[in-house]
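Peer 1: Below are the structure tokens for one structure; questions will follow.
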Amino acid sequence: MISVQTVVDRMNATLDSEGSDRYLFDQDFKPAINSSVEWLVAVFTKTFADSKLSEEDLKELIVVRLWQANIFSRVHFDPSSTGDDLWSILRVSPEPEVYPQITPPPLVTPGTSSVYRGDLVFVKSRHAARRLTLEQWNENVDNIFEAGNETLLNGFKSYAYATDITYNTAVGGEIEIRPSVAEDFVAITYLKYPEDVTLISDQILLPKSLTNLVYEKALNFISYKQGDQTNLYTVTARDVQILTNLMM
């Protein structure tokens, strides 16, 4: 994790404003640091897409949570339930072992809405669902050689899930898992979005090795505020290379 105080101290030193009120935390440093983190998220996303880094490089942000799928074998991620904003789904694990152990799962009847089970802890699972495009989702339903088919339902079955889309406007986006796990537990491992900084005593949930990059980009945002017309949100190949080098 990165100390916000450390970043602010470095920015003050560079701006030669120690002990002055020229730059204030709420008006200047906090927005600049949050913008810097937003920019880093964009760079990481591009880096992941280029397969230059793994999401595991952000282990501080990796979380595993449990849900009970609805009667349609679908799961809705609700940030208000988990307390996290979803950045990226890393793994979907059907038939998880949970603690405390509950057999069979349905102590809660999900109906048409999945249920977040914050009362349970993920232990392990022998299964990992493969992510399919919507086109593959329809084509693979009877193909025994593809994950997510509904033909092999014995020990050779393999799960898949379809990308998050809205089936029911009252519920919101849901991922669908096949073969059906209706009303059963599903574990989702995901990358949560870094929380905004609100206090100077906060910690930024990013690797400490990125402290200098956060500080430098925050300074960039301060300079933009001063009017140098810097293009803030452009993610360049150089940005990706710098990040890759820092994380290796």
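Peer 1: Filter region 147-177 for residues that are of a type in the set (A, V, I, L, M, F, W, C) and within 19 Å of R117 (Cβ to Cβ); which is most open to solvent (accessible area, probe 1.4 Å)?
Peer 2: Taking region 147-177 as the starting set, the residues that turn out to be of a type in the set (A, V, I, L, M, F, W, C) are 147, 152-153, 156, 160, 162, 165, 170-171, 175, 177.
Going one step further and asking which of them are within 19 Å of R117 (Cβ to Cβ), we end up with 171, 175, 177.
Working: V171: 30, I175: 6, I177: 3 Å².
Checked region 147-177; the qualifying residue most open to solvent (accessible area, probe 1.4 Å) is V171.
Peer 1: Of everything in region 178-206, what is open to solvent by 10 Å² or more (accessible area, probe 1.4 Å), touching a Leu at 6+ places or on another chain (Cβ under 8 Å) and farther than 30 Å from L134 by Cβ? Give them in sequence order.
Peer 2: Residues satisfying the conditions are E195, L205.
Peer 1: Counting residues that are more than 20 Å from the chain's Cα centre (by Cα), which strands (runs of 3 or more DSSP E) fully inside region 154-200 reach at least 2? If you could, list the steps in order and put the result at the bottom.
Peer 2: On the way: elements: 160-168, 172-178, 185-192.
Filter on region 154-200 gives 160-168.
This table checks each residue for (1) farther than 23 Å from Y190 by Cβ; (2) assigned to a strand (DSSP E or B); (3) touching a strand residue (DSSP E or B) at 6+ places or on another chain (Cβ under 9 Å); (4) without any contact (Cβ under 8 Å) to a residue 12 or more places away in the chain.
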position: R22; (1), (2), (3), (4): yes, no, no, yes
position: D26; (1), (2), (3), (4): yes, no, no, yes
position: V43; (1), (2), (3), (4): no, no, no, no
position: E56; (1), (2), (3), (4): no, no, yes, yes
position: N70; (1), (2), (3), (4): no, no, yes, no
position: D84; (1), (2), (3), (4): no, no, yes, no
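Peer 1: With the structure loaded, tell me whether V92 is open to solvent by 30 Å² or more (accessible area, probe 1.4 Å), in contact with a strand residue (DSSP E or B) (Cβ under 7 Å, 6 or more places away or on another chain), assigned to a strand (DSSP E or B) and at pLDDT 95 or above or whether it fails that test. Spell out how you get there, then give the answer.
Peer 2: On the way: open to solvent by 30 Å² or more (accessible area, probe 1.4 Å): no; in contact with a strand residue (DSSP E or B) (Cβ under 7 Å, 6 or more places away or on another chain): yes; assigned to a strand (DSSP E or B): yes; at pLDDT 95 or above: yes.
No.
Peer 1: Of all residues in region 125-143, which are farther than 18 Å from P94 by Cβ and more than 27 Å from the chain's Cα centre (by Cα)?
Peer 2: Residues satisfying the conditions are E139, D142, N143.
The values are calculated or read from the model by the stated rules, or taken from the named source; none is laboratory data. This structure is a prediction, so every number in the text was calculated from the model and none was measured. Because the Cβ atoms are built from the backbone with ideal geometry, glycine has one as well, and the counts that use them run over all protein chains shown. We work out accessible area using only protein heavy atoms, side chains counted, and drop any ligands, DNA or RNA first. Shrake-Rupley method; radii C 1.70, N 1.55, O 1.52, S 1.80 Å.
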